[in-house]
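Throughout, read-outs are computed from the coordinates displayed, never taken from laboratory work. None of these values were measured; they are calculated from a predicted model. FYI the Cβ positions are ideal-geometry reconstructions off the backbone, even for glycines, and counts take in every protein chain you see.
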Amino acid sequence: MFWQRLGGKTAIISGRTSKAVDIRAAELGISLVIQGSIDKRADLGRVLKTTGCGASETCAIGDDCRICDVACERFGGGSRPMPAPK
């Protein structure tokens, strides 16, 4: 939320679909949510077009190392893998 208060843009792209993600995104003020993504790289391209951001202005945070997450992260300006919860 701090990032958004500074004018930053935030989006969620997920291969899964969950009502909990919609609820949490709303709580955090994230209006750009894509769930059930089959092609995260293409969806990231749509997010960039919608927000007017360039790839070098992005940072992707993934929850696993599936190939679609890696491709999406490499498209952006940086990536930070998150360890799986224990």
Spin-label pair SER56/VAL33, simplified geometry with 7 Å Cα→Cβ offset, distance in nm: 3.3
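Rank-order 4-14, 34-44 by packing density, defined as the average count of other C-beta atoms within 10 Å over each peptide's residues, highest first. Spell out each step's value before the answer.
Values: 4-14: 14.2, 34-44: 16.3.
Taking the mean over residues of other Cβ atoms within 10 Å, the ranking is 34-44, 4-14.
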